[in-house]
Amino acid sequence: MYIRNIYVSTNGRYPKIAGVQAVDYKPHFLMQGFKIYRNVMIRLHYSGSLLIGDRPIQSFTSSSGEQPVYAYRETYKLVFRKGNLITATDISYDMVKVRKNILSPILYYEKEDNWGKT
């Protein structure tokens, strides 16, 4: 596992990291005021798992920029040992079940004949 890019806020000094100098980063309005170290390629010896997602579902996204793992159509669990990928598991179907559990009570109470029922 490697860190390729590092994004930092622009409140301070920016020494070179792995020989790379930080530059302004402005491709998206949410990232204004950030700098980026591009292609630093620092090896990590991380052991543990990461959940990653792709293809966000609009109705579950947040304006904060932080999305819950169930807010993606494609979701994967990656397991690492000392920086090496051990397994990659598609957990998209599990996230479908999570979304259904979240929506079921909402849809139940939106039906007029269920108002007030517990």
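Please treat every number below as a calculation from the coordinates, not as lab data. Just so you know, these numbers come straight off a predicted model, no measurement behind them. Neighbour counts are summed over all protein chains in view; Cβ atoms, including those assigned to glycine, are modelled from backbone coordinates with ideal geometry.
Worth a mention:
- Across segment 82-105, the number of residues qualifying as over 15 Å from Leu50 (Cβ atoms) and touching a residue at least 60 places away in the same chain (Cβ under 8 Å) comes to 0.
- Residue pairs meeting the criteria (Cβ under 6 Å; at least 6 apart or on separate chains; first over 28 Å from Ser47 (Cα atoms), in segment 57-81; second in a loop (DSSP other than H, G, I, E, B)): Thr61/Gln67
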